[in-house]
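To keep things clear, I will list the structure first and then write my remarks on it.
The values are calculated or read from the model by the stated rules, or taken from the named source; none is laboratory data. Since this is a predicted model, take the numbers as computed values, not measurements. Every residue, glycine as well, gets a Cβ built from its backbone with ideal geometry; the counts of neighbours run over all protein chains shown. Surface areas here come from the heavy atoms of the whole protein model, side chains and all, with no ligands, DNA or RNA. Shrake-Rupley method; radii C 1.70, N 1.55, O 1.52, S 1.80 Å.
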Amino acid sequence: LLTEATLGFWLATISAAFLSFLIGWVVYQRFLSPYAGIPGPFWASISRFWYLQRIEAGDMHRVTKELHRIYGTSEMNSQSLKKNRTLNFFWLGPIVRIAPDEVSISDSAAMKAIYNVKAGYTKVRSRF
(Lines give C-alpha, C1' and ligand atoms only; values in the text may rest on other atoms or scores of the structure.)
Protein backbone atom coordinates (compact mmCIF):
# COMPACT_ATOMS: atom_id res chain seq x y z
CA LEU A 1 0.00 0.00 0.00
CA LEU A 2 0.94 3.64 -0.23
CA THR A 3 2.86 5.03 2.69
CA GLU A 4 3.30 8.72 3.34
CA ALA A 5 6.78 8.66 1.79
CA THR A 6 5.59 6.82 -1.31
CA LEU A 7 2.61 9.13 -1.70
CA GLY A 8 4.89 12.17 -1.40
CA PHE A 9 7.24 10.70 -4.01
CA TRP A 10 4.42 10.09 -6.49
CA LEU A 11 2.91 13.51 -5.90
CA ALA A 12 6.29 15.17 -6.51
CA THR A 13 6.90 13.04 -9.61
CA ILE A 14 3.51 13.80 -11.13
CA SER A 15 3.86 17.51 -10.31
CA ALA A 16 7.31 17.66 -11.89
CA ALA A 17 6.07 15.84 -15.00
CA PHE A 18 3.13 18.23 -15.36
CA LEU A 19 5.34 21.28 -14.87
CA SER A 20 7.82 19.94 -17.43
CA PHE A 21 5.00 19.42 -19.90
CA LEU A 22 3.73 22.99 -19.39
CA ILE A 23 7.20 24.50 -19.83
CA GLY A 24 7.77 22.36 -22.93
CA TRP A 25 4.41 23.43 -24.38
CA VAL A 26 5.14 27.13 -23.89
CA VAL A 27 8.66 26.81 -25.36
CA TYR A 28 7.32 24.91 -28.38
CA GLN A 29 4.47 27.34 -29.05
CA ARG A 30 6.58 30.47 -28.57
CA PHE A 31 9.81 29.41 -30.34
CA LEU A 32 9.48 26.18 -32.34
CA SER A 33 5.93 26.16 -33.74
CA PRO A 34 5.46 27.02 -37.43
CA TYR A 35 3.41 29.97 -36.15
CA ALA A 36 6.09 31.20 -33.72
CA GLY A 37 7.18 34.14 -35.87
CA ILE A 38 3.68 35.56 -36.27
CA PRO A 39 3.01 38.48 -33.93
CA GLY A 40 0.11 38.42 -31.50
CA PRO A 41 -0.77 38.37 -27.81
CA PHE A 42 1.30 36.09 -25.57
CA TRP A 43 -1.72 34.19 -24.24
CA ALA A 44 -3.03 33.64 -27.77
CA SER A 45 0.22 31.90 -28.68
CA ILE A 46 0.02 29.31 -25.91
CA SER A 47 -3.69 28.67 -25.36
CA ARG A 48 -7.01 28.78 -27.15
CA PHE A 49 -8.60 29.86 -23.86
CA TRP A 50 -7.82 33.52 -24.68
CA TYR A 51 -9.68 33.16 -28.00
CA LEU A 52 -12.67 31.49 -26.36
CA GLN A 53 -12.88 34.26 -23.76
CA ARG A 54 -13.10 36.86 -26.53
CA ILE A 55 -15.79 34.84 -28.33
CA GLU A 56 -17.76 34.47 -25.09
CA ALA A 57 -17.46 38.21 -24.39
CA GLY A 58 -18.76 38.92 -27.91
CA ASP A 59 -15.96 41.32 -28.79
CA MET A 60 -13.66 39.14 -30.91
CA HIS A 61 -14.35 41.23 -34.02
CA ARG A 62 -13.26 44.43 -32.23
CA VAL A 63 -10.28 42.75 -30.58
CA THR A 64 -9.13 41.26 -33.89
CA LYS A 65 -9.32 44.67 -35.56
CA GLU A 66 -7.30 46.16 -32.69
CA LEU A 67 -4.72 43.36 -32.93
CA HIS A 68 -4.25 44.13 -36.61
CA ARG A 69 -3.79 47.79 -35.71
CA ILE A 70 -1.17 46.92 -33.07
CA TYR A 71 0.67 43.94 -34.59
CA GLY A 72 -0.15 44.15 -38.28
CA THR A 73 1.72 47.34 -39.09
CA SER A 74 4.86 47.22 -41.16
CA GLU A 75 6.74 48.97 -38.33
CA MET A 76 5.99 46.14 -35.90
CA ASN A 77 6.93 43.54 -38.47
CA SER A 78 10.19 45.33 -39.24
CA GLN A 79 11.07 45.22 -35.55
CA SER A 80 10.19 41.51 -35.42
CA LEU A 81 12.42 40.85 -38.42
CA LYS A 82 15.35 42.66 -36.79
CA LYS A 83 14.94 40.58 -33.62
CA ASN A 84 14.43 37.26 -35.41
CA ARG A 85 16.18 37.01 -38.75
CA THR A 86 14.75 33.53 -39.38
CA LEU A 87 11.24 34.89 -40.01
CA ASN A 88 9.85 33.90 -43.35
CA PHE A 89 8.91 36.81 -45.63
CA PHE A 90 5.32 35.53 -45.59
CA TRP A 91 4.91 36.70 -41.98
CA LEU A 92 5.78 40.30 -42.82
CA GLY A 93 2.24 41.21 -43.83
CA PRO A 94 -0.82 42.04 -41.76
CA ILE A 95 -1.11 38.60 -40.20
CA VAL A 96 -1.88 38.20 -36.49
CA ARG A 97 -1.82 35.07 -34.34
CA ILE A 98 -5.11 34.65 -32.48
CA ALA A 99 -4.64 31.08 -31.19
CA PRO A 100 -1.79 28.55 -31.03
CA ASP A 101 -2.70 27.21 -34.49
CA GLU A 102 -4.83 30.00 -35.95
CA VAL A 103 -4.12 33.35 -37.58
CA SER A 104 -6.20 36.30 -38.75
CA ILE A 105 -5.35 37.84 -42.12
CA SER A 106 -6.47 41.32 -43.12
CA ASP A 107 -4.72 41.53 -46.49
CA SER A 108 -7.01 40.74 -49.42
CA ALA A 109 -4.09 39.79 -51.68
CA ALA A 110 -2.84 37.25 -49.13
CA MET A 111 -6.35 35.85 -48.71
CA LYS A 112 -6.70 35.37 -52.47
CA ALA A 113 -3.36 33.56 -52.58
CA ILE A 114 -4.11 31.34 -49.57
CA TYR A 115 -7.73 30.48 -50.35
CA ASN A 116 -7.11 29.82 -54.03
CA VAL A 117 -8.12 26.24 -54.83
CA LYS A 118 -4.71 25.58 -56.39
CA ALA A 119 -2.71 27.32 -53.64
CA GLY A 120 -1.73 24.10 -51.88
CA TYR A 121 -2.41 25.40 -48.35
CA THR A 122 -4.31 23.30 -45.85
CA LYS A 123 -7.42 25.29 -45.00
CA VAL A 124 -8.92 23.06 -42.34
CA ARG A 125 -7.04 20.45 -40.42
CA SER A 126 -9.06 17.35 -39.66
CA ARG A 127 -9.34 16.68 -35.94
CA PHE A 128 -10.28 13.04 -36.43
Cross-chain or 6+ apart pairs with Cβ under 7 Å, the stretch 94-105 first and without any contact (Cβ under 8 Å) to a residue 60 or more places away in the chain and open to solvent by less than 40 Å² (accessible area, probe 1.4 Å), then outside any strand (DSSP E or B) and of a type in the set (D, E): P94/D107
Hey, L81 at pLDDT below 95, assigned to a loop (DSSP other than H, G, I, E, B), among the aliphatic types (A, V, I, L, M) and open to solvent by 50 Å² or more (accessible area, probe 1.4 Å) or not: no
Inter-residue pairs, beta-carbon under 8 Å, first within 20 Å of P41 (Cβ to Cβ) and in the stretch 14-30, second open to solvent by less than 60 Å² (accessible area, probe 1.4 Å) and of a type in the set (S, T, N, Q), 6+ apart: Q29/S45; R30/S45
Let me spell it out: the conditions are (1) among the polar types (S, T, N, Q); (2) at pLDDT 90 or above; (3) touching a Leu at 6+ places or on another chain (Cβ under 7 Å), and S20 meets all of them except one. Which number is the exception? (3)
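Taking the stretch 18-42, which residues are open to solvent by less than 60 Å² (accessible area, probe 1.4 Å), among the hydrophobic types (A, V, I, L, M, F, W, C) and assigned to a helix (DSSP H, G or I)?
Filtering the stretch 18-42 down to residues open to solvent by less than 60 Å² (accessible area, probe 1.4 Å) leaves 24, 26, 29, 33, 36-41.
From what is left, the residues that are among the hydrophobic types (A, V, I, L, M, F, W, C) are 26, 36, 38.
Scanning the stretch 18-42 gives a single hit, V26.
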Being assigned to a helix (DSSP H, G or I), at pLDDT 90 or above and touching a strand residue (DSSP E or B) at 6+ places or on another chain (Cβ under 8 Å), is that true of even one residue in the stretch 84-97? no
